[in-house]
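Structure first, then comments.
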Amino acid sequence: LLKYEAQGRFVIPQIGLSMTSDGNPNAHYEGQVANGNMDDRIANLVEGFKKLGFPAYLRIGYEFNGRVWNGYLPNTYRQAFVRITNALREADVEVATVWCMSIDGDDNYYDFYPGDEYVDWWGIDIFSVEHFGDANGVAFMDSARVHQKPVMLGETTPRYVGVTDASDFQTWFEPFFEWMDGQAGMKV
């Protein structure tokens, strides 16, 4: 922490915690987390946060609604999220839990919601220009406001656009910043 303070800035890491192997949807293990088989690993995670010694964001099972690439199931995902959150809170570490969806994922994202008492932040991952007006994204942001949850941008990239010439700026960055400016609940 002193290293960051000495540089005149404060850094809060954002950590993505996956519960699948190498993006293989058949190798998801959130059910094992939910039923306690991974409690030793959760304990290691908690110890790591204690050693870190400063605040962090934890995107638990990020892109939870991406069944094509992660295979998570709503019921076991919710249970795993709750189990991890409870362990963090019992240890009194300064970690904000983030429920982070992908616009590319399934439309039924709310089936995965573990509940307001376990989620500190909502997060959204956006990768294509079309995502800025996507109905699921609009609904997600509206719902975050209803639940009074701040929203973070978990991941983003100008997929299929690039960043090599001026037209890329017009194609991706201008719409991106316009979209960001229009999101009242988005924290930057």
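The values are calculated or read from the model by the stated rules, or taken from the named source; none is laboratory data. Just so it is clear, the model here is predicted, and its values are computed rather than measured. What goes into the accessible areas is simple: the full protein's heavy atoms, side chains included, and nothing from ligands, DNA or RNA. Shrake-Rupley method; radii C 1.70, N 1.55, O 1.52, S 1.80 Å.
Determine one quarter of the surface area of the Cα convex hull of region 77-181, which equals its mean projected area, and express it in nm² to one decimal. Let's see the in-between values first.
Numbers: hull surface 30.4 nm².
With every direction weighted equally, the projected area is 7.6 nm².
In terms of the Cα gyration tensor, with a ≥ b ≥ c the square roots of its eigenvalues, is region 13-114 rounded because a/c is under 1.5, prolate because a/b exceeds b/c, or oblate? All intermediate terms of the calculation are to be shown ahead of the outcome.
Numbers: a/c = 1.89, a/b = 1.58, b/c = 1.20.
The shape class here is prolate.
For the chain, what is the calculated [θ] at 222 nm in deg cm²/dmol (nearest 500), taking -39500 (n - 2.57) for each run of four or more DSSP H residues and dividing by its residue count?
Details: 7 runs with 65 residues, N = 188.
It comes out at -10000 deg cm²/dmol, rounded to the nearest 500.
Tell me, what is the per residue accessible area of region 81-188 in Å², probe radius 1.4 Å?
Working: 5360 Å² over 108 residues.
Dividing the accessible area of region 81-188 by its residue count gives 50 Å².
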Discussion item. Please report the carbon-and-sulfur percent of the accessible area for the chain; probe 1.4 Å, protein heavy atoms only, DNA, RNA and ligands left out.
Written reply: 50 percent
Worksheet entry | Calculated on alpha-carbon atoms, Rg and Dmax of region 124-176 in Å | 12.8, 40
Worksheet item: Using modelled backbone amide H atoms (1.01 Å from N, in-plane), which distant-in-sequence or interchain residues come within less than 5 Å of Met101's amide H?
Response: Glu63, Gly123, Ile124, Asp125
Response to the item:
Expressed to one decimal in nm², the mean projection of the alpha carbon convex hull of the chain is 12.0 nm²
Worksheet entry | From phi via Karplus (6.51, -1.76, 1.60), per-residue ³J(HN,Hα) for region 48-61 in Hz, x at Gly/Pro | x, 5, 4, 5, 4, x, 8, x, 8, 9, 10, 7, 6, x
Worksheet item: If you line up the long axis of helix 74-90 against the longest principal axis of the chain, both from Cα atoms, how many degrees apart are they, to the nearest 10?
Response: 70 degrees
Practice prompt. Give a residue-ordered list of calculated ³J(HN,Hα) values for region 142-147 (Karplus: 6.51 cos²θ - 1.76 cosθ + 1.60, θ = phi - 60°; whole Hz; x for Gly, Pro).
Written response: 4, 5, 4, 5, 4, 7
Worksheet item: Counting only residues 5 or more places away or on other chains, whose amide H sits under 5 Å from the amide H of Gln14 once H atoms are built in the peptide plane?
Response: Tyr57
Discussion item. With θ taken as phi - 60° and the coefficients 6.51, -1.76 and 1.60, list the Karplus ³J(HN,Hα) couplings across region 153-164 in order, rounded to whole Hz; mark glycine and proline as x.
Written reply: 8, x, 9, 7, 6, x, 4, 6, 10, x, 9, 9
